[in-house]
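No value in this document is a laboratory result; all are computed from the given coordinates. Just so it is clear, the model here is predicted, and its values are computed rather than measured. No Cβ is skipped: glycine too gets one built from the backbone with ideal geometry, and neighbour counts run over all protein chains shown.
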Amino acid sequence: MARPQLWDRGKERTWRQRVARWRHSGLTARDFCAREGLSEPSFYAWRRTLRERDQQCGRARQAKHGGTPPRVQPETPALVPVRLLPAATAVVDAGWAIEVVLAGGSVLRLRPGFDADSVRQLVALLQP
């Protein structure tokens, strides 16, 4: 009897990051692979595998929640939208003006008067 194939989460995470960088690069898959030193067949195989895994997870989530669409989309942008909170919220009362949640889960909490250039540099460092 064949053993079930186990997922290497680290490898999957690496390939998800690569595919996301490709999507945001504006390059063809061939040019992106050449620039990154990746094998084109491996790139296409992983892209297909990730799409299939996302579809399987979406179907499983829908079945579990009675046909409710999944809450998390498979292609998560590098940055999520920033939401400014009203002054009356507890977050602002604590001294925070803006909270930025990056796709990898990192959270930046910014006080009023933050230096935008420093934030841009920090975000660039935190992105995969």
Taking 0.36 nm per intervening residue step and subtracting the Cα-Cα distance, what contour gain separates R48 from A116 on full extension? 20.7 nm
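Arrange the following residues from fewest to most other Cβ atoms within 10 Å of their Cβ: V107, V19. Kindly include the intermediate steps, with their values, before the conclusion.
Values: V107 8, V19 18.
Ranked by crowding around the Cβ, least crowded first: V107, V19.
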Rounded to the nearest 0.05, what FRET efficiency do V107 and R35 have when you use their Cβ-Cβ distance and R0 = 35 Å? 0.70
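Give the calculated FRET efficiency between V123 and L27 to the nearest 0.05, with a Förster radius of 30 Å applied to their Cβ-Cβ distance.
Numbers: r = 22 Å, r/R0 = 0.73.
About 0.85, to the nearest 0.05.
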